[in-house]
């Protein structure tokens, strides 16, 4: 939670928050599936799944790109009792793309997808197309911005150059 609060405090205006939050959104799962997840975590000696981060972000009215899902890649399985593709080896979703509240950044319907990392990572890739609404809210244009990241940070926060 400290990292998320730090990131949100440093955000200037509207933004997209994306990455591995290593937190679950309990609303992604049925009651039975959630019980299975908790039981599995216990069996492998992991602490109970953390949901505080996603509850906090949803309470702040962040928009989840998952709500704009398209077709899923066949290799990325959706478990029974779960309405979203898993993004990690446990079959749960821990990677997110979120838009800040009242943001001009709008997710394109049908564009969110989870793509297999094909053995290059223990997390799958999440992607979504974004449009930027104009000041009048009527026009949308696609923009691309390449951001070079600084060397890295022990705190998990990087500065754009």
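Coordinate-derived values only; no laboratory data. Since the model is a prediction, treat every value here as computed from it, not as a measurement. Glycine gets a Cβ as well: all are built from the backbone with ideal geometry, and neighbour counts include every protein chain shown.
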Item to check | FRET efficiency, residue 26 to residue 129 (Cβ-Cβ, R0 22 Å, nearest 0.05) | outcome: 0.25
Checklist outcome for this item: Expressed as a percent, the portion of alpha-carbon pairs in the range 1-44 spaced more than 11 Å apart is 76 percent
Next on the checklist: Can you say what percent of the DSSP beta bridges in the range 2-141, counting only those with both residues inside, are antiparallel? Round to 5.
Outcome noted: 95 percent
Next on the checklist: Need the full-extension length gain, residue 8 to residue 80, defined as separation in residues times 0.36 nm minus the C-alpha distance. One decimal, nm.
Outcome noted: 22.5 nm
Next on the checklist: Ignoring solvent entirely, what values of log10 I(q)/I(0) come out of the Debye formula for the range 2-141 at 0.15, 0.17, 0.18, 0.21 Å⁻¹ when each Cα is a single scatterer?
Outcome noted: -0.80, -1.00, -1.10, -1.39
